[in-house]
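Please treat every number below as a calculation from the coordinates, not as lab data. It should be emphasised that the depicted structure is a prediction, and the values quoted were computed from it without experimental measurement. Reconstructed Cβ throughout: ideal geometry from the backbone, glycine too, with neighbour counts over all protein chains shown.
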Amino acid sequence: MIGRALMASALALQLPLMPAVAREACRPARGTLAIGESWAQKRLDPRRAWQLSTGAGVTVAVIDSGVSHPQIRLAGRADLVGTGFNDCVGHGTAVAGIIGAQYIKGVPFYGVAPGVRLLSYKQTDSERNGDPKLLVKAIESAADEGADVINLSISTADQPDLKRAVEYALAKDVVVVAAAGNTTKEDGTPVPEYPAGYEGVLAVGASGPNGALAEFSNKETPVSVLGPGQDVTSTWPGGVYRTDLDGTSYAVPYVAGVAALVRARFPRLDQAQVRRRIIATADGAVGGGKGAGMVNPMLALSAILPLEPEGAPVVAPPLPSPLPRGAVAKAPPVDRDAVRLALTVAGSGLGLGLLVLVARAFIPMGRRRGWRPGR
């Protein structure tokens, strides 16, 4: 069904589903087969969350440079640029792998949500973000195909058509997850990036292995949460892997994968409620460019949050402010004079009591003897 739907949508957009002419040179950067468990997998530990959700039944659309790797199972794909389905950049394959690469015993890399249905929309064929018009078409098409989550590891300037496409997807109950963008010293003054900067989008910044905000992560974009985005390991075209990936682009799929886990476990939540739950359960440092902190898969699936009247999970209320100075009075100092007086009174009373007891015992005896001394 998804194949027929994708074909109909692509034909409606007049997009080629099969490459008419293969590219003359499709040479992504070289990868490796020598990998270990990445810090990101250790930090998030998505396998622990699989007992609650693997993302099964949830559809995630990856709008990027295509997908080419045997560990990634696609439910559908569309080539919007007309150069074939192969990923000649590597970016899309890495993003899709972080979301849904299948778990294989003995292979140290796997996706956050291996049970999802992945759709690949090839929107660019270069290192850059590609044609904005194709990006708009891809977002609208993915929303029409019934995507539950859209991964946008893309950042660009604000554009009316792009904003309308994002609003269209949100109105169709899609969780839209987008990159905060990368900045360098050469970029000059950072500015907010889009579509991450639009209202309702789950904007993602990048964290490094030490948990701190990556230097390149854009602080001007209103970030919702962080994901691992520095020295990241993922799938790469040709059945290999990369272990040195940097960018908010690679932080986004970690959050999109968690969104898929949440949607599968809580199917009655709408896209806004899913977004709030992910933000409410993030942990770690907060502040400029960090949002609520690092995304937390297990907590996002297991936390019991305060409920609105209609039963929707919401962000937990802030902790109460500390009591004002002087609200609790200090204990007064000990009055030593009063203590001494009390001890004196108590001692006198005890002595008087003993005297009374002695008198009660000996006075009757004296009376009986006529107060004569004994022998």
Nearest 10, in degrees from 0 to 90: the angle of helix 248-265 to the longest Cα principal axis of the chain is 70
Rounded to the nearest 5, the percent of DSSP beta bridges in the chain running antiparallel is 30
The alpha-carbon center of the stretch 171-192 and that of the stretch 274-305 are separated, in whole Å, by 19
With 0.36 nm assigned to each residue of separation and the Cα-Cα distance removed, ASP244 to ALA359 gains 31.4 nm
When all Cα-Cα pair distances of the stretch 53-107 are considered, the percent exceeding 13 Å is 61
Dividing the surface of the Cα convex hull of the chain by four yields a projected area in nm² of 36.3
For the stretch 33-130, the percent of all C-alpha pairs falling in each 5 Å bin, from 0 up to the bin holding the max distance, is 3, 14, 23, 22, 18, 13, 6, 2, 0
Projected convex hull area of the stretch 187-260, Cα atoms, direction-averaged, in nm², equals 5.9
Nearest 10, in degrees from 0 to 90: the angle of helix 336-368 to the longest Cα principal axis of the chain is 40
Expressed in angstrom and ordered largest first, the alpha-carbon extents of the stretch 94-157 along the principal axes are 42, 28, 17
The aspartates and glutamates whose Cα lies under 18 Å from the Cα of LYS105, excluding any fewer than 8 residues away in the same chain, are GLU37, ASP45
Here, trypsin sites (Lys or Arg not before Pro) of the stretch 22-80 satisfying both criteria (DSSP loop; at most 13 other Cβ within 10 Å) are ARG23, ARG30
Which of LYS122/LYS163; LYS122/LYS172; LYS122/LYS290; LYS42/LYS137 exceed 28 Å between C-alpha atoms? The answer is LYS122/LYS290; LYS42/LYS137
Classified through the alpha carbon gyration tensor (a ≥ b ≥ c as square roots of its eigenvalues; rounded if a/c is under 1.5, else prolate when a/b is larger than b/c, else oblate), the stretch 123-267 comes out rounded
